[in-house]
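Working notes, beginning with the structure itself.
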Amino acid sequence: MEFPEELLYSKDHEWVRDEGNQVTIGITDFAQSQLKDIVYVDLPETGSEFKKGESMGVVESVKTVADIFSPVTGKVVEKNLELKDHPEYVNKDPYGKGWLLKLEMKEKEELRELLSHQAYQGILSEES
Amino acid sequence: MKDIKDTGLLQDEPLIFEQGGEGRKGYSLPRWDVEQVKEEERIPSHLLRKELEGFPQLSEVEVVRHYTRLSQWNFGVDSGFYPLGSCTMKYNPKMNEEVARMRGFAHLHPYQPESLVQGILKLMHGLEGYLAEITGMDRVTLQPAAGAHGELTGMMMIRAALQARGEKRKKVLVPDTAHGTNCSTSAVASYQMVEIKSNEKGVIPPGKVAELMNEEVSAIMVTHPNTLGLFEEHLAEIAEIVHRKGGFVYCDGANLNALMGIARLGNLGVDMVHLNLHKTFSTPHGGGGPGSGPLAVKEELIPFLPVPVIEKEGETFRFDYNRPKSIGRMKAFYGNFGVLLKAYAYILSMGAEGLKRASEMAVLNANYLMTGLKGSYYLPYDRPCMHECVFTDRYQEKDHVSTLDIAKRLIDYGFHPPTIYFPLVVKGALMMEPTETESKEGLDRFIETMIIIAKEAEENSDLLRQAPRKVKVRRLDEVLAARKPKLKWNRDQSQ
């Protein structure tokens, strides 16, 4: 399983890429492997705003449905429209073609509360 | 020829649309003795249906064989053990079916005047009374067509009751051990859902409720017993916390099969509860209905019940529509009457003692199953259960066998699999509800089979991963079906 160094991670198994004023978010390799084959991704409308920790949408697999929790407070500026026809991108390429949303951040300091790739993997080994 | 297949007596069967031939039919009429007229000449073209073109044309025996074959592929409570957790797949006595088919009931018309259906109104009023007695509530509406419809009726009544007090509240508390419909109902009723995490014992901690409960919360929706098959032991205390802040306690009574005659929800502080008559009170279900989800309420909520309400005046029964605070009608006519009738027949034939005994046996059977399987499967909440118990695939993970594989292997042994991957709070859940109607021999056979499957997982796990083998259709590609669903059949596809 891969956890790129340059990304930040949440305890709810989302990853965050810091891109200045905005961030790209997705779900981690661990999350997709637990959900197994993803069949549907429900993403919020562009322009909608979320507080950190709020549910922004759902990822649905054959087995279960999981909430996508917003790892930071912000406004949705773009969503990955390709997932509509290709939900499998989340399984095959969770950090690339399987990205979910781009958020314009409200409070940049929130990034400090997220985890490094080592800290995140530490949590995973505790969980299993 | 393409239709020749060696499927033995498990006959293969194409769709009915792929069978028959032009002009074939199941009746013969005498020769015309009047001049024949084409319909296009007499009926304006915009009123003529075109989509019937291509409608199958078959002889009577072809139609009979088609549906008989399909029915033989089916598996129901009448064919074997069906421990589908959360669904209460108990045996439905045939006597209730017999009653529902009596001419006087089956030929009723919903527009018959009240004076000609006094017996029917008396029966509905009587059923209401029994359900109120069983749940410890004051009045009941029989209108809701199923459990979730009962929930919606309840949440709309709570909204109306709050409005009457001049209050508008936005939130509903729902524990993570509730039925999924509870969350959906809150959302459909435009409430914001706040989740309560259950504790390590699998029940709602009153402290958490106290923390989350405030004047913004209209109600808590509790499934009792919960989806882990556990008795919510702090329910009375939780109800008090919610009431103190002016909220209501909604109970999802779909699991009432564990409680009849033993615990009355009204006495535990519940303000309203829906029942799934098709589950607890004996109607064959699982095929999509019809169901019935009556809602029982405490006195404070009676003014908000849907119209009409059946009232008794002297020896006469009538529909009361004059109820200004009512939320209105929830269903055309008066509920799914056939299901109400079966429930009434079931309650009368079982009697108070019989219903209590049914719940006792349902709980005993579930605990017997739980104890028998504890050594072979991981039991996340190891304590006495109510009507169902939840295991997981944790012991089988090392052999790369999952809950799905275990479920599929059970089919090879002739059992309907239990509910899997639900409740969501348990990873890889296997949820089993044997119900009261299973004999000790039947339970022993199932336990023994499950133990054999656990051994197979260790010794020859491919048997599980390749299961089911002894079926007409093996594993379906669920991923493809979900990602690229074909929702409509068309003729070209079948060629």
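Annotations for the structure displayed:
- Compactness of segment B:95-349 is given as radius of gyration and Dmax, 18.1, 57 Å, from Cα positions.
- Gained length - B:LYS170 relative to B:GLU311, 0.36 nm times residue gap less alpha-carbon distance: 47.4 nm
- Note on chain A: with a GNM built from Cα contacts shorter than 10 Å, the maximum mean-square fluctuation among A:ASP18, A:ASP85, A:ASP42 falls on A:ASP85.
- Backbone phi angles across segment B:129-142, fed through the Karplus curve with coefficients 6.51, -1.76 and 1.60 (θ = phi - 60°), yield HN-Hα couplings of x, 4, 5, 5, 5, 5, 9, x, 10, 9, 9, 9, 9, 9 Hz in residue order; Gly and Pro are listed as x.
- For the protein assembly as shown, size of Cβ-based charge dipole, Lys and Arg +1, Asp and Glu -1, in debye: 1420 debye
- Distance between segment A:63-128 and segment A:1-51 - C-alpha centres, whole angstrom: 1 Å
- Taking a straight line from the alpha carbon of B:LYS5, these lysines sit under 16 Å away, with near neighbours fewer than eight places off in the same chain left out: B:LYS472.
- For B:THR223, distant residues with modelled amide H under 5 Å away: B:HIS179, B:ASP252
- 222 nm mean residue ellipticity, helices alone, for chain B (DSSP H n ≥ 4; -39,500 (n - 2.57); rounded to 500): -10500 deg cm²/dmol
- Legend: residue pairs A:LYS75/B:LYS197; B:LYS168/B:LYS279; A:LYS63/B:LYS325; A:LYS84/B:LYS427; A:LYS52/A:LYS92, Cα-Cα distance threshold 32 Å; pairs beyond threshold, B:LYS168/B:LYS279; A:LYS63/B:LYS325.
- For residues of B:420-427, the mean tally of beta carbons on other chains within 10 Å: 2
- In this calculation the C-beta distance from B:ILE16 to B:SER439 is compared with R0 = 51 Å, giving a FRET efficiency of 0.85.
- Among A:PRO94, B:PHE231, B:ALA161 - extreme Cα towards positive end, dipole of the protein assembly as shown, charges at beta-carbon: B:ALA161
- Scanning residues 5 or more positions from B:GLU436 or on other chains, those with amide H under 5 Å from its amide H are B:ALA362, with H placed 1.01 Å from N in the peptide plane.
- Shielding of B:88-97 by partner chains, average beta-carbon count, 10 Å: 0
- Cα-centred dipole magnitude for segment B:95-349, charges only on beta-carbon of K, R (+1) and D, E (-1), debye, nearest 20: 560 debye
- Whole-Å distance, taken between Cα centres, linking segment B:1-51 and segment B:381-449: 46 Å
- Karplus-derived 3J(HN,Hα), 6.51/-1.76/1.60, for each residue of segment A:99-110, Hz, glycine and proline x: 4, 9, 9, 10, 10, 8, 7, 8, 10, 4, 5, 4
- The amide H of B:GLY229, built 1.01 Å from its N in the peptide plane, has no neighbour under 5 Å, considering only residues 5 or more places off or on other chains.
- Sorting the segments B:382-393, B:196-207 by their mean number of nearby beta carbons within 10 angstrom, highest to lowest, gives B:382-393, B:196-207.
Rule-based calculations on the coordinates, nothing more; no lab input. Everything numeric here is computed off the predicted structure, so don't read it as measured data. Because the Cβ atoms are built from the backbone with ideal geometry, glycine has one as well, and the counts that use them run over all protein chains shown.
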